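Worksheet for the structure shown next.
Please treat every number below as a calculation from the coordinates, not as lab data. Predicted model, so just to flag it, every value in this text is computed and none were measured. Here Cβ is always computed from backbone atoms with ideal geometry, including for glycine, and neighbour counts include all displayed protein chains.
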Ligand SMILES: [Zn+2]
Ligand SMILES: [Zn+2]
């Protein structure tokens, strides 16, 4: 084969089976079909959801898959007919873009009538679909390229850095929960949990009108310090205040009107974390559940005492859609918010498995605890 006809290839890390290995292979780089787009990946965040999918024995998907859904990169090639992003901004090769990993049909009951496309019955998502050992291979964020091939895909042009753009997807999760919460000026907001979603919630709540933000974390002082950097007015380390009764009293006293938080976000993936939030929300306030994305069990719940007598709203905020990404973009781009500080590890593609292991076990990587690890496929493998 002559040099001229040689097929260009690039890498993608494919998860071979449930609880399996991320195997890096080389595959032919596709030319985008009409309506499609090839993205050269700059960064992809390693998300707890990826780690969960990796560890889960059966979620009804076809392996191997290419995980990774927090993706920022640049336009490498545009298919015929693609001239703008989702909101009409002109697109050219080299422009930085973010992609909405989930693809919605726009036609089912949930898309068209209920206006909640995140519950689309034909929902699929880059990162788990389609199986990646077949063409076009580049179907997730853990590789050199993403081939954006589904006609319902949503792409947004970004005028920000990759270190901010990589948070577009998690910030869209946060925006969805903020829209549910309807924060008002003067509100006291509690954020339970200081993982990446909790920290982004602190930042977004602060610039969305909350007058006081109280962040609660279990033990990690690095993350609590980050919560202050993101704008939390008060941080509570549960190690310093181990009794729930004491935390309840403290939050009530710290709230601006002395009656508890107007809005509480639970970003912790435990049933008890949700239960504790019931103690922080004031009567007739709002509790938004974001953290229990994975089934973490059952807790006692008293419909009279916990819900009716308090007169509270409890809202589950599930996944995200185009509007949330469009609204998230100015937030991740907002230079008042030190969002890139959440990135503790920037690592090459070959260390994906290692970083997933560290997140799963809660252990340090290279001697530092992970807040957010991002894969940079441009980095040389060590
Ligand atoms: Zn994620
Ligand atoms: Zn649909």
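Data for the structure
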| read-out | value |
| --- | --- |
| Computed lengthening from residue 240 to residue 302, 0.36 nm per intervening residue step minus Cα-Cα distance | 19.5 nm |
| Fully extended contour minus Cα-Cα distance, from residue 207 to residue 119, at 0.36 nm per residue | 28.9 nm |
| Distance from region 97-122 to region 131-159 (C-alpha centre basis), Å | 17 |
| Two-decimal log10 I(q)/I(0) for the chain, as the Debye equation yields it once each C-alpha is a single scatterer, q = 0.07 Å⁻¹ | -0.32 |
| Neighbour-count ranking [beta-carbon atoms within 10 angstrom, fewest first] of 158, 171, 39 | 158, 39, 171 |
| Zero-based 10 Å bins, Cα pair distances in region 73-115, whole percents | 23, 41, 26, 11 |
| Calculated [θ] (222 nm, deg cm²/dmol) that DSSP helices of n ≥ 4 give over the chain, each run adding -39,500 (n - 2.57) | -7000 deg cm²/dmol |
| For 137, 324, order by how many other beta-carbon atoms lie within 10 Å, fewest first | 324, 137 |
| Per-residue Cβ neighbour rank within 10 angstrom, fewest leading, 15, 337 | 337, 15 |
| Virtual paramagnetic centre 7 Å along Cα→Cβ of residue 369, amide N under 13 Å, in region 211-242 | 217-227, 237-240 |
| For region 83-183, diffusion coefficient by Stokes-Einstein and Kirkwood Rh (Cα), 20 °C, 1.002 mPa s, µm²/s | 141 |
| Separation of alpha-carbon centers, region 267-293 and region 26-54, rounded to whole Å | 34 |
| Extension gain (nm, one decimal) between residue 381 and residue 59, 0.36 nm per residue minus Cα-Cα | 112.8 nm |
| With Cα atoms, 0 to 90° folded angle of helix 221-230 axis to the chain main axis | 90 |
| Beta bridges by DSSP in the chain, antiparallel share as percent, to the nearest 5 | 55 |
| Cα-based helix-to-principal-axis angle, 322-333 vs the chain, degrees rounded to 10 | 80 |
| In degrees, nearest ten, helix 352-361 long axis to first principal axis of the chain (Cα) | 20 |
| Value of Rg/Rh across region 255-382 [Cα atoms, Kirkwood radius] | 1.07 |
| Calculated SAXS-style log₁₀ I(q)/I(0) at q = 0.19 Å⁻¹ - region 32-90, Debye, Cα scatterers | -0.85 |
| Calculated on alpha-carbon atoms, Rg and Dmax of region 3-135 in Å | 16.4, 54 |
| Under the Debye formula (equal points on every Cα, no solvent term), log10 I(q)/I(0) of region 174-316 at q = 0.09, 0.20 Å⁻¹ | -0.22, -1.23 |
